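Please treat every number below as a calculation from the coordinates, not as lab data. Keep in mind the model is a prediction, meaning the values are calculated, not measured. Glycine gets a Cβ as well: all are built from the backbone with ideal geometry, and neighbour counts include every protein chain shown.
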Amino acid sequence: MKKPISYDHLKLEKKWQSTWKKSGIYKTTEGSKKPKSYILDMFPYPSGSGLHVGHPKGYIATDVLARFKRMSGFNVLHPMGWDAFGLPAEEFALKNKIHPSIAVKKNVKRYKEQLSVLGFCYDWDREVNTTDPEYYKWTQWAFLQMHKKGLTFESHEPINWCPSCKTGLANEDLDNGKCERCGSIVEKKPIRQWVIRITDYADRLLKDIDALNWPNSIKESQKNWIGRSEGSELTFKIKDSKEEISVFTTRPDTIFGVTYVVLAPESHLVEKLKPQIKNWDKVQSFIKDVSKKTQIERTAEGKEKTGVHLNGVFAINPANNEEVPVWIADYVLADYGTGAVMAVPAHDERDFMFAKKYNLPIVSVIGSEHVSDEKSYTGGGTLINSGKFNGKDSESILSEITKFCGGKTVVRYKLRDWVFSRQRYWGEPIPLVHCAKCGVVPVPEKELPLKLPNVKFYEPTGTGESPLAAITKWVNTKCPNCKGNAKRETNTMPQWAGSCWYYLRYMDPKNKKMLVDPKKEKYWSPVDVYVGGTEHATRHLIYARFWHKFLYDIGVVSQSEPFTQLRNQGLIMGPDGQKMSKRFGNVVNPDDIVKLYGADTLRVYEMFMGPFDQAISWSTDNMIGSRRFIERVWRLKNKVVKKAELKKETESLFHKTIKKVGEDIQEFSHNTAVSSMMILLNALEAEENVDKDTYEKLLLLLAPFTPHIADELWSQLGHKKSIHIEKWPLFDEAKLVNDSFKITIQINGKFRGVLETNNPEEAFVLKAIMEKVEIQKHLEGKEIVKQIYVKNRLVNFVVKG
RNA sequence: GCGCGGGUGGCGAAAUUGGUAGACGCACUACCUUGAGGUGGUAGCGCCCUUACGGGCGUGGAAGUUCGAGUCUUCUCUCGCGCACCA
């Protein structure tokens, strides 16, 4: 590799980093009268393997923005911290036989070093760490507030269990039936757990999405995840029984087409119907079979649905009092809707396949022509076979039929309540106490933080009990209520808990009395720009919104949404086009790149590579262009004189560039911001001389992107103060327009030439064009049917012949 | 299956929002510079025909709207992502 010639980036960058540290220019001030700008990265999970070159992409973009905003007169909050509880840290610790608390400290140190060489302008005084008791005290506090409000409950229902991670998981932690973290196939297992009623917030989480300035894809993902559907709850009485089956349907209009009713195999109703069920043995063995299957097996067997008829049980259709058979089948989910469906095989694909398989009747109630022997019809139309509703339009009759059947209109969500307990060591202890006399009693707030006991052995047990359960000294406690003997809750919180509110802690990191001072919260909230990866679309970003809304409801925060604007960085792939990962051996370490070309070059390159939100392969070879750019800025200094007159076009270009760079930074269009600076540089290089003022402004434009070299050249020009506390340059509106125009000449839409003029009058322009020889050539012997003149821009002659 | 986002030179990509497609950068070619080099500079660089002048074609494909389409409309192919038996 070639050695840099113009400047020694290693020495220079180190020098400026320590200068900034000493002068403290990046410290955020409180009580400022300036407008605020809160620019935030999703804080990293400090894993053992350190940063690769893809991680800083988002950090660079926010750093550029933060620097730009600071120069533009904003009071900027741009902090960094660590999301350090959870499985990865614990697994790393187990593997390397060091305690997670030590491993986290080590990893944080390494991350911090790696970040520090990139020249970010974080205010490290506000650093937070979710594993710090002074931090998780407030995570626990928030949980207790939820508990108080009845937003938590203890459940023994079967949940997702990862046999390899040995813990229960939330719905959000699954990826196609597999553990999102380790890829193991998840089982259903009944274990005692704490659950948060996030579904109580489903409607608000959904409604408020529209107003957010977020990428469309993330908004759609969340909408999809929350999965609202409007429908009806209808009740089917059971013949000769006081039990009844309540079903949820979005198609009450098809009720006359019901030919059977299906319960989920897990339904508690099945047990209650036992006396009536004549084939109980068969039913029971089916239920057992299904329960043994994992979610993957249940869905992978594909669309092949299985079920068993509950012999002797009949449900009564509320619409026509018809008796229909009752089945249990694996295609009905226990935890959605009511866990039971009315089956209308004529107008539902799944019911149709099931009916075909088990020879159940298919009754068409919409149009007569739609349903065939091969296919159901799921659209709308005119009702038939539907008693007094015959002839009506199916889509406009939903609520009328619901009423007719004695049902009610309801809204259902796909979102499930948040399984909040983990049977693992490395997480926030859930601050509850179990007392034989008083039941579940919260740990008094003044006793928070409830510290995670520091122990030697913390391997997961796999029994459904947390390893904390074995620490008798910690578990055995007194009931805060009756002072009798009691036991602590031993489950810990999921990894996502700590990241639900950290952005609030940055506002007020040292507050011991409350989660956040309302005055500070009011000033800094909400986060103006939040940047991170798309992988958080339906996990962190839903949990955090929920958590925030809860805090809003109890008056802790002043806004109902935490993140006004969200931006996702695209992945940087390995040079081989695969995802950068140790597994593929294609990891590029930023430390090596900094050594080779310097942080400034890395920053420019990552911003210049392509659109911010797009995935692009890394190429160390391509970086040379960014390095050359910086070198040429350095060398341009040789042309700087006190006073010099720039060409008119160069001057105009200069003002356009100031405008564009500022706009592009805010729109995360960094690649075009960099390219416009390159264009400007090309023009300045073509000048005889460049005046000092112009050169200084160029440095100001560069400062957010290349903070080290900008400050170096700035100081070489004789400035005593850092360039980073200077004002962003202003552009002159009047200089944006050129005084001559290049007018495109087209004939029949084809480009035939250019007219350069400073007189935009139509008559003049047309005349001047007609005088051009190369144009006359094309018009000769032809009739001009029409001429279009777009002022200052284009002329098009439509000709015939 | 449903939802979202893409397809532009050898490569990463731009395109004043309907007005000269390929800016900027990488790679490549030629020449100059340097004692030497993955240095610096100048010029060239979408494809095809032409020594040249010049011309034709060209933004996944087909059609449409328009004086004019990468941009708008319809259909279609294809790639990526998210959700997925959600009744």
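By how many nm would the segment from A:ARG628 to A:THR757 grow when fully extended, if each residue of separation counts as 0.36 nm and the alpha-carbon distance is taken off? Show your work: numbers first, answer last.
Working: separation 129, 0.36 × 129 = 46.44 nm, distance 3.62 nm.
Gain in length upon complete extension: 42.8 nm.
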Acute angle (nearest 10 degrees) that the helix A:599-608 long axis makes with the longest principal axis of chain A, alpha-carbon atoms: 70 degrees
Histogram of C-alpha separations across segment A:442-533, 10 Å bin width, %: 12, 32, 27, 21, 7, 0
Cα Rg, Dmax, segment A:595-635, angstrom units: 10.5, 33
DSSP-defined antiparallel bridges as percent of all bridges, chain A, nearest 5: 75 percent
Pairwise label distance in nanometres, A:VAL441 with A:PHE584, each label 7 Å out on the Cα-Cβ vector: 5.6 nm
Alpha-carbon Debye profile of segment A:159-295, log10 I(q)/I(0) at 0.18, 0.21, 0.22 Å⁻¹: -1.25, -1.26, -1.26
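Please go through the residue pairs A:LYS647/A:LYS742; A:LYS219/A:LYS408; A:LYS33/A:LYS522; A:LYS22/A:LYS720; A:LYS639/A:LYS697; A:LYS647/A:LYS767 and name each one whose alpha carbons sit more than 20 Å apart in this structure. Kindly include the intermediate steps, with their values, before the conclusion.
On the way: A:LYS647/A:LYS742 17 Å; A:LYS219/A:LYS408 30 Å; A:LYS33/A:LYS522 14 Å; A:LYS22/A:LYS720 15 Å; A:LYS639/A:LYS697 15 Å; A:LYS647/A:LYS767 29 Å.
Result: A:LYS219/A:LYS408; A:LYS647/A:LYS767 exceed 20 Å.
For segment A:78-127, how big is the tail of P(r) above 16 Å, as a whole percent of Cα pairs? Let's see the in-between values first.
Working: 549 of 1225 pairs.
For segment A:78-127, the share of Cα pairs beyond 16 Å comes to 45 percent.
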Peptides ranked, highest mean first, by Cβ atoms within 10 Å: ranges A:626-638, A:486-498: A:486-498, A:626-638
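From the cross-link list A:LYS69/A:LYS582; A:LYS109/A:LYS727; A:LYS95/A:LYS579; A:LYS293/A:LYS356; A:LYS207/A:LYS513; A:LYS223/A:LYS512, which pairs have alpha carbons spaced over 28 Å apart? Kindly include the intermediate steps, with their values, before the conclusion.
Values: A:LYS69/A:LYS582 36 Å; A:LYS109/A:LYS727 34 Å; A:LYS95/A:LYS579 24 Å; A:LYS293/A:LYS356 24 Å; A:LYS207/A:LYS513 34 Å; A:LYS223/A:LYS512 37 Å.
From the list (A:LYS69/A:LYS582; A:LYS109/A:LYS727; A:LYS95/A:LYS579; A:LYS293/A:LYS356; A:LYS207/A:LYS513; A:LYS223/A:LYS512), the Cα-Cα distance tops 28 Å for A:LYS69/A:LYS582; A:LYS109/A:LYS727; A:LYS207/A:LYS513; A:LYS223/A:LYS512.
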Segment A:105-202 - Debye-derived log10 I(q)/I(0), Cα point model, q = 0.16, 0.19, 0.25 Å⁻¹: -0.95, -1.03, -1.17
Label zone at A:SER560, where the point sits 7 Å out along the Cα-to-Cβ direction: segment A:519-542 residues whose backbone N lies under 19 Å: A:522, A:525-528, A:542
For chain A: Kirkwood Rh in Å [reciprocal of mean 1/r, alpha carbons]: 31.5 Å
C-alpha long axis of helix A:87-96 to longest principal axis of chain A, angle in °: 80 degrees
Ranked by how many other beta carbons lie within 10 Å on average, peptides A:156-164, A:474-482 from highest: A:156-164, A:474-482
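Among the trypsin sites (Lys or Arg not before Pro) within segment A:31-73, which fall in a DSSP loop and have no more than 16 other Cβ atoms within 10 Å of their own Cβ?
Values: sites: A:LYS33, A:LYS36, A:LYS57, A:ARG67, A:LYS69, A:ARG70; in loops: A:LYS33.
Here the sparse-neighbourhood loop sites are A:LYS33.
Near A:SER619, within a Cβ-to-Cβ distance under 12 Å, what is the net charge of the other residues, with Lys and Arg +1 and Asp and Glu -1? Please list the in-between numbers first.
Details: positive: none; negative: A:ASP576, A:GLU606, A:ASP621.
Cβ neighbours under 12 Å give a net charge of -3.
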Prolate/oblate/rounded call for segment A:360-443, Cα gyration tensor, a/c under 1.5 rounded: prolate
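What percent do you get for the relative contact order of chain A when only Cα pairs under 8 Å and 6+ apart count?
On the way: 1445 pairs, mean separation 116.0, N = 801.
Result for chain A is 14 percent.
Pairs of Cα atoms under 8 Å, at least six residues apart: use those to get the relative contact order of segment A:1-81, whole percent.
Details: 53 pairs, mean separation 32.7, N = 81.
Relative contact order of segment A:1-81: 40 percent.
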Extension gain from A:ARG204 to A:MET353, taking 0.36 nm per residue of separation minus the Cα-Cα distance: 50.0 nm
Label point distance in nm, A:LYS639-A:VAL785, each placed 7 Å from Cα along Cα→Cβ: 5.0 nm
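Give me the orientation-averaged projected area of the Cα convex hull of segment A:240-318, in nm², one decimal. Walk me through the intermediate numbers first.
Numbers: hull surface 24.9 nm².
So the Cα hull casts an average projection of 6.2 nm².
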Residue exposure sequence - A:ASP739, A:ASP351 - by fewest surrounding Cβ within 10 Å: A:ASP739, A:ASP351
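Test of understanding: ordering A:THR382, A:THR199 by Cβ neighbours within 10 Å, fewest first, what list do you get?
On the way: A:THR382 15, A:THR199 18.
Fewest-to-most Cβ neighbours within 10 Å comes out as A:THR382, A:THR199.
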Order by protection proxy (mean Cβ within 10 Å, highest first), peptides A:504-515, A:748-759: A:504-515, A:748-759
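Roughly what % of DSSP beta bridges within segment A:666-801 run antiparallel, to the nearest 5?
Numbers: 14 of 18 bridges.
Here the antiparallel bridges make up roughly 80 percent for segment A:666-801.
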All-pairs Cα distance distribution in segment A:462-604, expressed in whole percent, bin size 10 Å: 9, 22, 22, 27, 15, 4, 1
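Calculate for chain A the 222 nm mean residue ellipticity that helices alone would give, adding -39,500 (n - 2.57) per DSSP H run of length 4 or more and normalising by residue count, nearest 500 deg cm²/dmol.
Values: 25 runs with 264 residues, N = 801.
Mean residue ellipticity, 222 nm, calculated: -10000 deg cm²/dmol.
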Interchain or long-range residues, amide H under 5 Å from A:GLY81's placed H: A:VAL128
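In a shell of Cβ-Cβ distance under 15 Å around A:ALA89, excluding A:ALA89 itself, what net charge do Lys and Arg (+1) and Asp and Glu (-1) give?
Details: positive: A:LYS95, A:LYS97, A:LYS105, A:LYS106, A:LYS109, A:ARG110, A:ARG181, A:ARG422, A:ARG424; negative: A:ASP83, A:GLU90, A:GLU91, A:ASP132, A:GLU428, A:GLU459.
With Lys, Arg at +1 and Asp, Glu at -1, the neighbours total +3.
Quick one: grab the alpha carbon gyration tensor of segment A:277-353, order the square roots of its eigenvalues as a ≥ b ≥ c, and give me rounded if a/c is under 1.5, else prolate or oblate depending on whether a/b is larger than b/c. Display every interim value, and only then the final one.
Working: a/c = 2.09, a/b = 1.29, b/c = 1.62.
Verdict is oblate for segment A:277-353.
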